[in-house]
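Report on the following structure.
The values are calculated or read from the model by the stated rules, or taken from the named source; none is laboratory data. Computed from a prediction, not measured in an experiment: that's the story for all the values here. Backbone-built Cβ (ideal geometry, glycine too); neighbour counts: all protein chains shown.
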Amino acid sequence: MELTVQKRETFGKANKALRKEGFIPAEVYGSGVENLHISVNAKDFVRLFKEAGESTIVYLVIDGEKQPVLIQDTQQDRLTQDVTHIDFYKVKMDEEITATIPLKFIGESSVVKDKLGALNKSITEVEVETLPGDLPQSIEVDLSVLVDLEKSIHIKDLKVSDKVKILLEPDTVVVSVLELRAEEVVEEKPADVSEVKVEGEEKKAEKAEAGKGENKEEAK
C-alpha cells in the first residue's frame, strides 16, 4: 500500500489552514532516523487507513522515494471525529518489531446460539514480534469450537505463522463460554384484604364507642 505525501513547512496554528485545505499534518519518526514533518491528503489517508489499520506496512512516497512505515497513532477531533494528526513509525524491513494485532472473532458457538451460555472475551488484541513484512493484519479466533459450557480458547490455540511470535503465555485465555444462570423470580403475594377490612371495622367501632362516651359526658 502506498501513500503519496509532501514535506511540511507549517507548524502550530498554521496547521489549521492546512486542515481546511483538506490535508492532515503528520510526523515520521523511528529509531536512528531524523523526524520528518509531512502533510497527507485527508481523503487518501482515510481510504487507506480503513484497509490497512495500524498493523500493515504502508509505503510513504516522499519526493519519489518510498519509506516503509506503520501508522503508529492518530488524533481525532472530539466533535467531528475527523483525523487531525498522524504519527508514522519508520521501520527497517530486516529488523524485528513488536506490534499490537487485533483479534478477529469468526464463526458462532453452538452453546451461545442455543442460549445456554454467554461469550466472555478476555482479550481483543495481542502483542506480537516479527519482521515488518510478516505482520498479520489480524488474527482469527474461531468461535465454532466452543461447543461445551466452560470451554475456552487459549493463546496456544490461535493459528499464526511460525514467523510470528505472540508475546503472551500460551495458556492465557482469549475467550470462554460461561453458563447462563436462571434469574430468580420472587413472586409477590397479594395483600390480605380481609385483614385490612377487619382492622378498619375495629377502628370504626373504637371511634363509635368514644363518641358515645363524649355524649354521656355532655348529658351530665
When you scan the stretch 14-121 for helices (runs of 4 or more DSSP H) that lie fully inside it, which ones turn up with 3 or more residues that are under 25 Å from the mean Cα position of the chain (by Cα)?
42-52, 110-113
Return yes when H37 is modelled with pLDDT of 90 or more, in contact with a Lys or Arg (Cβ under 7 Å, 6 or more places away or on another chain) and surrounded by 13 or more Cβ atoms within 10 Å (Cβ to Cβ) and no when it is not.
yes
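Residues checked against (1) surrounded by 14 or more Cβ atoms within 10 Å (Cβ to Cβ); (2) farther than 30 Å from L48 by Cβ; (3) among the aromatic types (F, W, Y); (4) in contact (Cβ under 8 Å) with a residue 12 or more places away in the chain:
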{"site": "P136", "(1), (2), (3), (4)": "yes, no, no, yes"}
{"site": "V147", "(1), (2), (3), (4)": "no, yes, no, yes"}
{"site": "K159", "(1), (2), (3), (4)": "no, no, no, yes"}
{"site": "D162", "(1), (2), (3), (4)": "no, no, no, no"}
{"site": "D171", "(1), (2), (3), (4)": "no, yes, no, yes"}
Counting only residues that are in a loop (DSSP other than H, G, I, E, B) and either in contact with a Gly (Cβ under 6 Å, 6 or more places away or on another chain) or among the β-branched types (V, I, T) (or both), the stretch 122-135 contains a total of 2
Using the structure shown, decide if D94 is free of Cβ contacts under 8 Å to residues at least 12 places away in the same chain, of a type outside the set (G, A, S) and loosely packed, with under 14 Cβ neighbours inside 10 Å.
no
